[in-house]
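What follows draws every value from the coordinates through simple rules; no lab data is involved. Being a predicted model, the structure only gives us computed values, none of them experimental. Virtual Cβ from ideal backbone geometry, glycine too; neighbours counted across all protein chains shown.
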Amino acid sequence: MTHGWFRACLLGALATAATPALAEPNRFAVVIGANAGDADEVGLRFAESDAERVAGVLRTLGGFQAENVMTLVDLRASEVRRALIALNARVRALSGESLMIVYYSGHADAEALHLGGTRLPMNELRDLVTGSAASARVLVLDACRSGTI
């Protein structure tokens, strides 16, 4: 996985999300790592640690407050779904500009994220991100065969 490339893209996105004349946006992230996919898929070695590193970059370089970065590892689709719904509710309750980043590292295909033997459909993930009240939304999928999103 290419940490340098992702870090450069993330910092660029963060730089363009905040304009000096405007107040800093509220920044939120859901960072998901899943080494285990479907039962017939080889376990990944670094997806969960990649997620932990991305969360760290958001907190240390991205200006995200620790309480606004949810790091989810080794969870099922239902738990990831609940986390995204809860974040969307939190964003709706705030005033002002907001930035939401969702990062996933793990197995996937054109239809769904593969989360420990469960699946989160791509169309549902897309709807949870695009339907957010956040002013700016970024979805990063670090997964093979996920290009259709």
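Among A110, I85, V54, which residue has its Cα furthest toward the positive end of the charge dipole of the range 19-149, with +1 on Lys/Arg Cβ and -1 on Asp/Glu Cβ?
Toward the positive end, the furthest listed residue is I85.
Mind listing the Cα extents of the range 43-90 along all three principal axes, in Å, largest one first?
Its Cα atoms span 32, 29, 10 Å along the three principal axes.
Report the Rg/Rh value for the range 40-149, based on alpha-carbon coordinates and the Kirkwood definition of Rh.
Details: Rg = 13.8 Å, Rh = 14.6 Å.
Result: Rg/Rh = 0.95.
Which whole-number percent is the relative contact order of the range 30-143 (Cα, under 8 Å, 6+ apart)? If you can, show how the numbers build up before the last one.
Numbers: 209 pairs, mean separation 39.3, N = 114.
Relative contact order, the range 30-143: 34 percent.
Count the net charge of all other residues whose Cβ sits under 13 Å from the Cβ of A47, scoring Lys and Arg as +1 and Asp and Glu as -1.
Numbers: positive: R45, R53; negative: E41, E48, D50, E52, D74, D142.
Spelling it out: positives minus negatives among the neighbours equals -4.
All other residues with a Cβ under 12 Å from the Cβ of D127 taken together, and with Lys, Arg as +1 and Asp, Glu as -1, what is their net charge? Don't skip to the end; give the middle numbers.
Working: positive: R81, R126, R137; negative: E124.
Result for the local shell: +2.
In a shell of Cβ-Cβ distance under 12 Å around A77, excluding A77 itself, what net charge do Lys and Arg (+1) and Asp and Glu (-1) give?
Working: positive: R76, R81, R82, R119; negative: D38, E79, E124.
Residues close to A77 contribute a combined charge of +1.
Stick to Cα atoms and the Kirkwood definition of Rh, then tell me Rg/Rh for the range 88-149.
On the way: Rg = 12.7 Å, Rh = 12.4 Å.
On the Cα set of the range 88-149, Rg over Rh gives 1.03.
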